[in-house]
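Q: Sending over a structure as structure tokens; questions will come in a sec.
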Amino acid sequence: MTKEKMTVKDIVTVAVMMALFYAIAFLVGMGTVAIPILYLYGTAGIEMFLGSIFYLVAANRVNKHGLLFVWVMIYALITAAMGYMFMVPYFIAVAVISEIVMIGKNTYRNPVRNMIGWSTYGIGMVLGIGVPCWVAWESYQKQALASGFADATMKLQYNMVSSPKLMLVGVIITVILSALGVLISQKILKKHFEKAGILS
Amino acid sequence: MSCEKRLRELSGIGALLLTFLACMVSIFTESYYMHALFVIWLAMLLAYLGFVKQSVQYVLLYSFTTFWLIMMIPKGVMIISPMLLGMIYKFIVPIMAAYLTFKIPSGKLIAVFQKSSMPQNILLILVIMIRFIPTISGEIKTIKEAMKVRGLTGSKKKVFFHPLRTVEYVVVPLIFRSIKVGDELAAAAIVRGVENTGKKQSYYETKMSKTDIVILTISLLLLIVCII
């Protein structure tokens, strides 16, 4: 692992891969919103599953510390721009933890460490569903209902975050999908990208 | 004044503030009429700045969504998910405003962000993302055409039973193309001195133009009306 700062080329790679990841995440969000139970328990997992290839390409190509931190921080900024300002400190914490998980030499090129780092981010996303409810349920409910969230979904969300068991189900689903995503993406990476020499 | 000239008058700070105001409208407005009023204002703005086609498309989508939400959902017609409609209804306002932010030169946005104390890395990532997101759909279209020419699209049955293979066929070339675009972008940025550590100045002014002031004043007034 080099200790040098990210170059402009690295930054552009990360930005482009993040743009692709968020485009997919947006589509997944729009697709799953029709089914409340899938929206709450599956969205993070499906996003992590489909988006892992973009993360892995960026991680293997850049291989510098701070990548996962920046990745989560941008998500925090997007959430803040959407009006959920109180989520920012939570996502900063997720960003720091995800980066701590990746401490070590050459970890961004290590499949297992990437799997752990990516799953940590995934767990952060699922637990993020609970944060608005634990912090400011009243104002969140008002805002979410105004955003077109059906009453049934709000009840489902409340049940989920107030029961540790249901939260655990969400976390397990996300971890499995994230890990599976990294596993499959690693194969695609080997099959296509390593040969093409764009990862070095 | 031509449309291009009008768009040139819109500064980075103007576009960003407009997007912020649109987000506020989306969050705080409860009345259907006030919400519709702001959408009409944004549609007029888009048309004024030369995006007539997009403006009409947004208004049609908005009208359809609102019609379905108000008239069909209470009657129990749930062919389209009410939550999806609700999301479109809420997000269309910020998306319309953000469309303008996507369309102005990224130099204008960089000039604004440079004034803030944001770290340079995060600033660059944000600007590149804003610039790159609209090109993704174009890239996917090209890949689809290339797949069609080579006969890789196959039947719906094939797509359904081999989703991973289909994703691989689309995602791998998409990443290759994106990395190529990214490398060219990085090279162009380096040539223009992005790595220079000295204080940077911009070709674009960060001051608000008259057009900005008019647009933002009307938007702010509408926001106040919407909240009341």
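The values are calculated or read from the model by the stated rules, or taken from the named source; none is laboratory data. What you see is a predicted model; the values in this text were computed from it and never measured. Glycine gets a Cβ as well: all are built from the backbone with ideal geometry, and neighbour counts include every protein chain shown. Side chains are part of the model used for accessible areas, which takes the heavy atoms of the whole protein and leaves out ligands, DNA and RNA. Shrake-Rupley method; radii C 1.70, N 1.55, O 1.52, S 1.80 Å.
Q: Pairs only if they're at least six apart or on different chains, beta carbon under 6 angstrom, first in the range A:16-29 and more than 7 Å from every other protein chain (Cβ to nearest Cβ) and farther than 14 Å from B:V171 by Cα, second open to solvent by 30 Å² or more (accessible area, probe 1.4 Å) and aliphatic (A, V, I, L, M); list them, first residue then second.
A: That search, which allows pairs on different chains as well, returns A:V28/A:I46.
Q: When you go through A:M125, A:M160 one by one, which is the residue that is in a helix (DSSP H, G or I), touching a Leu at 6+ places or on another chain (Cβ under 6 Å) and at pLDDT 65 or above? Explain how you work it out, then say what you get.
A: Details: A:M125 fails: touching a Leu at 6+ places or on another chain (Cβ under 6 Å).
The unique qualifying residue is A:M160.
Q: Run down B:I73, B:I80 and say which single residue is open to solvent by 10 Å² or more (accessible area, probe 1.4 Å), within 12 Å of chain A (Cβ to nearest Cβ) and part of a loop (DSSP other than H, G, I, E, B). Full working, then the answer.
A: Working: B:I73 fails: part of a loop (DSSP other than H, G, I, E, B).
Exactly one of B:I73, B:I80 is open to solvent by 10 Å² or more (accessible area, probe 1.4 Å), within 12 Å of chain A (Cβ to nearest Cβ) and part of a loop (DSSP other than H, G, I, E, B), namely B:I80.
Q: Checking the condition surrounded by 16 or more Cβ atoms within 10 Å (Cβ to Cβ) and within 26 Å of B:L84 (Cα to Cα), which residue from A:F21, A:F54, A:F86 passes?
A: Of A:F21, A:F54, A:F86, the one residue that is surrounded by 16 or more Cβ atoms within 10 Å (Cβ to Cβ) and within 26 Å of B:L84 (Cα to Cα) is A:F21.
Q: Follow-up question, since we're still on this one. Among what's in the range B:98-116 and is open to solvent by 50 Å² or more (accessible area, probe 1.4 Å) and of a type in the set (S, T, N, Q), pick the residue that is nearest to B:A189 (Cα to Cα).
A: Residue satisfying both the conditions and the ranking: B:Q114.
Q: Just give me the residues in the range A:71-83 being more than 12 Å from the chain's Cα centre (by Cα) and open to solvent by less than 50 Å² (accessible area, probe 1.4 Å), in sequence order. Give the derivation first.
A: From the range A:71-83, those more than 12 Å from the chain's Cα centre (by Cα) are A:77-83; that's our starting set.
A:T79, A:A80, A:G83 - these are the residues of the range A:71-83 that are more than 12 Å from the chain's Cα centre (by Cα) and open to solvent by less than 50 Å² (accessible area, probe 1.4 Å).
Q: Within the range A:78-88, identify whether any single residue is in a helix (DSSP H, G or I) and modelled with pLDDT of 85 or more, and answer yes or no. Walk me through how you get there before you give the answer.
A: Taking the range A:78-88 as the starting set, the residues that turn out to be in a helix (DSSP H, G or I) are A:78-81, A:85-88.
Pick out the ones that are also modelled with pLDDT of 85 or more and you get A:88.
Scanning the range A:78-88 turns up at least one residue that is in a helix (DSSP H, G or I) and modelled with pLDDT of 85 or more.
Q: Testing A:Y55 on (1) more than 11 Å from chain B (Cβ to nearest Cβ); (2) not in a helix (DSSP H, G or I), one condition comes back false. Which one is that?
A: Only one criterion in (1) more than 11 Å from chain B (Cβ to nearest Cβ); (2) not in a helix (DSSP H, G or I) is unmet by A:Y55, namely (2).
Q: Could you list, in sequence order, the residues of the range A:158-194 that are closer than 30 Å to B:P163 by Cα and of a type in the set (S, T, N, Q)?
A: Filtering the range A:158-194 for residues closer than 30 Å to B:P163 by Cα gives A:166-194.
If the condition is that a residue be closer than 30 Å to B:P163 by Cα and of a type in the set (S, T, N, Q), then A:T174, A:S178, A:S185, A:Q186 are the ones that fit.
Q: Filtering the range B:149-203 down to residues that are of a type in the set (S, T, Y) and closer than 22 Å to A:Y55 by Cβ, which residue is modelled with the highest pLDDT?
A: Selected residue: B:S178.
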